[in-house]
Amino acid sequence: MSRATNHATHGKKKARNDAATEAFLAGLALVRRNPALAALEADVCRSRDCGLSPRHGLAAVDSNGRIHVHPDRRAEPAEWAWAVAHCLIHLGFGHVPAAKGDRPQPDRPELAARCAVVNRFLLTYPVGRAPENLPASYPDGDEEQLTARWRRNGVPAAYVHCGTGGDGADQILVPWSRWHTPADWQLAFAHALTRTVSAAMDVAGGRRDTLTGERHPARPWVRALSWFISSYPLLGGIAAGMKLVADAELARAHGIAVAAVDATLGEIYVNPLRRYEDEEWRFVLAHEMLHAALRHGDRRGARDPYLFNVAADYVINGWLVEMAVGSMPEGLLYDPALKGLSAEEVYDRIVTDARRVRRLATLRGKGVGDILGEPLGGRPGDWVDLDEFYRRGLVQGLDLHLGGERGLLPAGLVQEIRALAHPPVPWDARLARWFDEFVPRPEPVRSFARPARRQASTPGIPRAGRCFPPEQVARCTFGVVLDTSGSMNARLLGKALGAIASYAEARDVPAARVVFCDAAAYDAGYLPPAEIAGRVRVRGRGGTVLQPGIDLLRRAEDFPATAPVLVITDGHCDVLRVRPEHAYLVPEGASLPFTPRGPVFRLR
């Protein structure tokens with residue numbers, strides 16, 4: 001043969017081998033995409049010097065966990081994937097167990113029975129494509145039952161060569177090398193199958209997007225949230241800090257028809273089974289982000305939570321329609337007649353027809369609000385100032401929106417965002433101002449009846465000393481009527497008493513008159529401010545009666561008639577009549593059963 005002919009023959013053989021290698025590698029990649037089979041990290045041998053690779057088949061597997069592949073066999077990638085998967089399942093089913101010493105090879109009925117069981121499994125768990133010459137169905141029974149039957153009656157012709165070794169064996173038992181400890185293939189395969197089945201159920205239920213748990217960017221709600229971050233600066237900062245939770249089981253358990261929001265956790269819960277277009281999901285997510293950013297859950301106060309949620313929905317949906325953010329899905333609350341009204345004003349209108357309003361549906365569903373009061377996903381993990389986060393996000397977003405001339409915004413929305421930029425004075429600062437105004441501070445006077453501290457340095461020169469007149473010190477006090485019933489929150493009670501003690505000490509108040517009340521009044525007398533918290537004992541009796549405590553202070557001869565009174569209660573008390581200057585300290589969200597005449601401080 002000439003040299004040119006030799007080069008041509010060598011080139012054709014190399015091209016043929018390269019095509020076979022590419023097809024095999026493509027088939028191997030298909031197998032590795034399967035999460036259950038990828039857990040069986042078997043070695044692959046494709047050497048021409050290997051004496052265990054099948055002569056007329058595709059692959060064989062030995063008991064040390066190595067797959068021996070024919071180096072030059074031509075097959076499609078799907079057929080290679082099926083052959084490699086067939087060998088891996090032999091390992092996972094324990095058909096080629098590892099053991100020391102000489103190994104008797106399985107006979108033909110046992111080989112055929114094991115291959116039939118593996119092929120029957122691959123019919124329900126398809127990987128690649130089986131060769132066309134294999135049967136379409138396989139008999140019932142496990143390996144032992146089929147082996148016993150075929151040893152007794154002979155192996156049917158259709159199942160004689162149903163493995164991957166061609167006319168040879170695709171299961172090879174080899175001695176266990178002392179340098180190699182085979183893995184527990186059966187245990188690894190069982191765990192991998194369990195994880196895969198669990199992941200498949202999660203995918204079917206909408207709790208995850210793929211079997212590997214990766215979030216797919218094609219989800220419409222994910223695309224909608226990304227759009228706000230990249231293209232809508234008004235809500236871009238809020239969207240960057242929110243987390244989407246798309247869990248069908250969670251949505252079903254908590255009755256979330258479309259979406260709901262938890263401002264405390266910064267999470268928006270969407271029902272992945274709801275089919276909306278991208279524009280509709282933008283509207284839904286903007287709706288929930290405005291609920292959280294404008295703190296509608298905290299602003300409702302003592303109002304009915306669901307009715308205030310409905311009122312806020314009318315306002316937000318009107319804004320979003322006016323701004324043309326996305327497309328409003330059918331069935332949402334929208335009334336052009338309410339344009340320009342705040343959520344509180346809308347609430348005052350709809351509360352007169354509460355029975356009709358309760359039949360309306362929010363994004364969560366009929367009769368329930370989409371502003372969640374309790375976390376669904378757990379406790380907050382990052383200790384951040386939520387008010388500061390939402391306020392900063394909206395204020396900066398508004399500046400970017402107006403600076404970039406992105407279009408006009410509803411006047412009501414701009415007004416609320418501007419109001420967020422100037423948050424109200426905290427309750428403790430307002431309480432301090434009340435103390436400054438109504439609790440006098442003792443002022444020292446100079447008197448020669450008490451010599452000055454520098455008198456000893458100048459014996460011949462009389463110097464007046466500073467002192468506090470007793471009658472003035474007696475006026476520098478205040479009364480505290482403290483609700484100590486079992487309904488009082490101990491944490492808030494401690495916070496209130498701590499604030500009172502710090503302000504009283506800062507103003508040099510020597511003592512405060514304290515009266516504890518639950519079902520009866522208990523006069524504790526004058527206490528130094530630092531000792532008030534230590535003397536409190538919450539009494540687990542029924543309702544609270546505070547009026548006797550007020551009357552006790554008014555009748556006390558040693559309590560100044562002009563001294564102010566601070567009433568600390570959770571609102572579960574009787575109707576009070578207080579004549580001197582007074583104020584109330586109640587938990588946020590609590591309401592008094594009467595119209596108070598003095599200021600009400602709501603502690604958080």
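The values are calculated or read from the model by the stated rules, or taken from the named source; none is laboratory data. Since the structure is predicted, the reported quantities are computational estimates derived from the model, not experimental observations. Methodologically, a virtual Cβ is constructed for each residue, glycine included, from the backbone with ideal geometry; neighbour enumeration extends over all protein chains shown.
Observations
- From the options Glu330, Glu345, residue that is in contact with a Leu (Cβ under 9 Å, 6 or more places away or on another chain), of a type in the set (Asp, Glu) and in the same structural domain as Val258 (by TED's automatic domain parsing): Glu345
- Filtering Ala136, Ala112 for residues that are touching a residue at least 24 places away in the same chain (Cβ under 8 Å) and at negative phi leaves a single hit, Ala112.
- Enumerated strands (runs of 3 or more DSSP E) restricted to region 187-291, each holding at least 1 residues that are surrounded by fewer than 21 Cβ atoms within 10 Å (Cβ to Cβ) and at pLDDT 90 or above: 243-246
- Check on Pro442, within 19 Å of Phe559 (Cα to Cα), in contact with a Cys (Cβ under 6 Å, 6 or more places away or on another chain) and either outside the structural domain of Val586 (by TED's automatic domain parsing) or modelled with pLDDT under 75 (or both): yes
- Condition met for Leu341 (modelled with pLDDT of 85 or more, within 17 Å of Met289 (Cα to Cα), in a loop (DSSP other than H, G, I, E, B) and not β-branched (Val, Ile, Thr)): no
- Annotation: His7 fulfils all but one of (1) at pLDDT 85 or above; (2) outside any loop (DSSP other than H, G, I, E, B); the unmet one is (1).
- Residues of region 470-487 that turn out to be modelled with pLDDT under 75, under 21 Å from Pro529 (Cβ atoms) and surrounded by 13 or more Cβ atoms within 10 Å (Cβ to Cβ), as a count: 4
- Residues of region 139-158 that turn out to be under 54 Å from the mean Cα position of the chain (by Cα) and surrounded by fewer than 20 Cβ atoms within 10 Å (Cβ to Cβ), as a count: 7
- Some residue of region 46-56 being touching a residue at least 12 places away in the same chain (Cβ under 8 Å) and within 15 Å of Gly128 (Cβ to Cβ): no
- The number of residues in region 571-596 that are within 22 Å of Ala499 (Cβ to Cβ) and either at pLDDT below 85 or assigned to a loop (DSSP other than H, G, I, E, B) (or both) comes to 14.
- Any hit, region 66-83, residues being touching a residue at least 12 places away in the same chain (Cβ under 8 Å) and more than 23 Å from Asp18 (Cα to Cα): no
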